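Have a look at the structure below before the remarks.
The values are calculated or read from the model by the stated rules, or taken from the named source; none is laboratory data. Everything numeric here is computed off the predicted structure, so don't read it as measured data. Every residue, glycine as well, gets a Cβ built from its backbone with ideal geometry; the counts of neighbours run over all protein chains shown.
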Amino acid sequence: MRKLLIALSLFLASGYLPPVFAQTGIDRDLLNEVYKIKAIDNHAHPLKYVAEGEKPDDEYDALPLDAITVFPLPVRLSPANPEFIRAWHDLYRYSHNDMTEAHLRESMATKQRVLKERGDGFPAWVLDQLNIETMFANRVAMGRGLTAPRFRWVAFDDALIFPLNNAAAMRFNQDYKGFFPGEEKLLKRYLADLKLSALPPSLDAYIKTVVTRTLERQKRNGAVAVKFEAAYLRKLDFDNPDESTARAIYARYVRGGEPPASGYKALQDFLFYYIAREAGRLGLAVHIHCIEGAGGFYRQSGSNPLLLESAFNDLALRKTNFVVIHGGYPFTKEMGSLLS
């Protein structure tokens, strides 16, 4: 061993390095090829094109953050983050290196001019500037400028697992109080899309005439995946409950009244598993939000990906492709263990 170490020391001292170590410059041909590789953005909430005077886009998220109490933003999401300046340079040829009020007005005027000039092509133009080929658009519905194949729809389906009275959850958590009204409104929209004016009286009828038909409709309209933001509404501890409990809770409370917490959780869990199975049958991936979330009352422990272990290991869901959005941060080691 000592002779080997001495020989290695002499070799390094000689100054000889193989070409792979001696290279000091960038291989321009290789770099040019790398630049030709376009990215796929598997999670975004792009805005549709809105012409001057039209209603602002409000379908970019099923749980918009303006529905909850104002909370401090992380530094990199703050409007004062100087990293935005570089983006303005690249997109709008912003000619300044600061964020003075006058310069920001100038930047906004430039953006509005480009937006008007590009029209419906503006969203795809932004992708071109970022070298993104395809963006998965997490939205309530697609809109102007968000067309395939550049934009692929990821539909929100949390509303389908909360069909009963959600007052108890809204009392429990201030963020839930802000978010649940939007989910209840979205469920009514899904019912209206199916020409239904009320929830069916039985769980069997609900899953067949509302849940499955909604998933099939989303698939026909171009969805490639469904999205759960459930960690903003409850913990991700979805278990596979006894179906009879879910049936009884639905039948007892579908026409009113506040279901017991344990019984309502069983119904939610049943519906999550049902949606996951149906998504697999239809070839829709299931995207699940797993990251430290926004809001002043977000339960970070409730988005630990290990809470989904029962679902990931369920034999009946092996045809379903699950995608953990944001990689489970800060539970990255736990996420890694699920991949082993």
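Considering each residue of the range 160-169, count those that are surrounded by fewer than 22 Cβ atoms within 10 Å (Cβ to Cβ) and either in the same structural domain as Thr69 (by TED's automatic domain parsing) or part of a helix (DSSP H, G or I) (or both), and give that number.
3
Kindly indicate whether Phe122 is of a type outside the set (A, V, I, L, M), surrounded by 17 or more Cβ atoms within 10 Å (Cβ to Cβ) and in a helix (DSSP H, G or I). Reasoning before the result, please.
On the way: of a type outside the set (A, V, I, L, M): yes; surrounded by 17 or more Cβ atoms within 10 Å (Cβ to Cβ): yes; in a helix (DSSP H, G or I): yes.
Against the criterion (of a type outside the set (A, V, I, L, M), surrounded by 17 or more Cβ atoms within 10 Å (Cβ to Cβ) and in a helix (DSSP H, G or I)), Phe122 qualifies.
Please state which of the following conditions Phe172 fails to meet, knowing it meets all the rest: (1) of a type in the set (A, V, I, L, M, F, W, C); (2) surrounded by fewer than 20 Cβ atoms within 10 Å (Cβ to Cβ); (3) touching a His at 6+ places or on another chain (Cβ under 9 Å).
All conditions pass for Phe172, except number (3).
Residue check, Arg171 against (1) more than 17 Å from Arg299 (Cβ to Cβ); (2) at pLDDT 95 or above, all met but one. Which one?
Just one mismatch for Arg171, condition (1).
How about the range 292-340: which of its residues are among the β-branched types (Val, Ile, Thr) and touching a residue at least 40 places away in the same chain (Cβ under 8 Å)?
Within the range 292-340, Thr320, Val323, Ile325 meet the criteria.
For the range 3-46, give me the residue count where each residue is at pLDDT 50 or above and either in a helix (DSSP H, G or I) or under 30 Å from Phe322 (Cα atoms) (or both).
23
Please work out which residue is surrounded by the fewest Cβ atoms within 10 Å (Cβ to Cβ), limiting yourself to the range 252-281 and to residues that are in contact with a Pro (Cβ under 6 Å, 6 or more places away or on another chain) and under 15 Å from Asp157 (Cβ atoms).
Asp269
Restricting to the range 22-70, name every residue that is more than 30 Å from Asn173 (Cβ to Cβ) and among the charged types (D, E, K, R).
Within the range 22-70, Asp27, Arg28, Asp29, Glu33, Lys36, Lys38, Asp41, Lys48, Glu52, Glu54, Lys55 meet the criteria.
What is the residue count in the range 220-246 for residues that are within 30 Å of Phe136 (Cα to Cα) and surrounded by fewer than 18 Cβ atoms within 10 Å (Cβ to Cβ)?
7
Quick one: count up the residues across the range 291-340 that are over 15 Å from the mean Cα position of the chain (by Cα), part of a loop (DSSP other than H, G, I, E, B) and closer than 30 Å to Val70 by Cβ.
8
So the check is Cβ under 9 Å with 6+ separation or different chains; which pairs have a first residue in the range 102-113 that's more than 13 Å from Ala87 (Cα to Cα) and a second one that's at pLDDT below 95 and exposed (fewer than 11 other Cβ atoms within 10 Å of the Cβ)?
Filtered contacts from the range 102-113: Thr110/Arg93; Gln112/Glu52.
Scan the range 73-119 for residues that are polar (S, T, N, Q) and part of a helix (DSSP H, G or I) and report the count.
3
In the range 114-159, how many residues are of a type in the set (Ser, Thr, Tyr) and without any contact (Cβ under 8 Å) to a residue 60 or more places away in the chain?
Looking only at that region, the number is 1.
Could you check the range 84-141 and list, in sequence order, the residues that are of a type in the set (Lys, Arg) and closer than 30 Å to Asp158 by Cα? Give the steps one after another, and end with the answer.
Going residue by residue through the range 84-141, those that are of a type in the set (Lys, Arg) are 86, 93, 105, 111, 113, 116, 118, 139.
Selection gives Arg139 alone.
Please work out which one of (1) charged (D, E, K, R); (2) in contact with a helix residue (DSSP H, G or I) (Cβ under 8 Å, 6 or more places away or on another chain); (3) over 22 Å from Val140 (Cβ atoms) is the condition Lys48 fails and give its number.
Of (1) charged (D, E, K, R); (2) in contact with a helix residue (DSSP H, G or I) (Cβ under 8 Å, 6 or more places away or on another chain); (3) over 22 Å from Val140 (Cβ atoms), only one is false for Lys48: (3).
Being in the same structural domain as Glu278 (by TED's automatic domain parsing), touching a Ser or Thr at 6+ places or on another chain (Cβ under 8 Å), at pLDDT 95 or above and under 28 Å from Gly296 (Cβ atoms): is that true of Gly182 here?
In short, no.
Report yes if some residue within the range 212-235 is aromatic (Phe, Trp, Tyr), assigned to a loop (DSSP other than H, G, I, E, B) and assigned by TED's automatic domain parsing to the domain that holds Ser303; otherwise report no.
Looking through the range 212-235, none of the residues is aromatic (Phe, Trp, Tyr), assigned to a loop (DSSP other than H, G, I, E, B) and assigned by TED's automatic domain parsing to the domain that holds Ser303.
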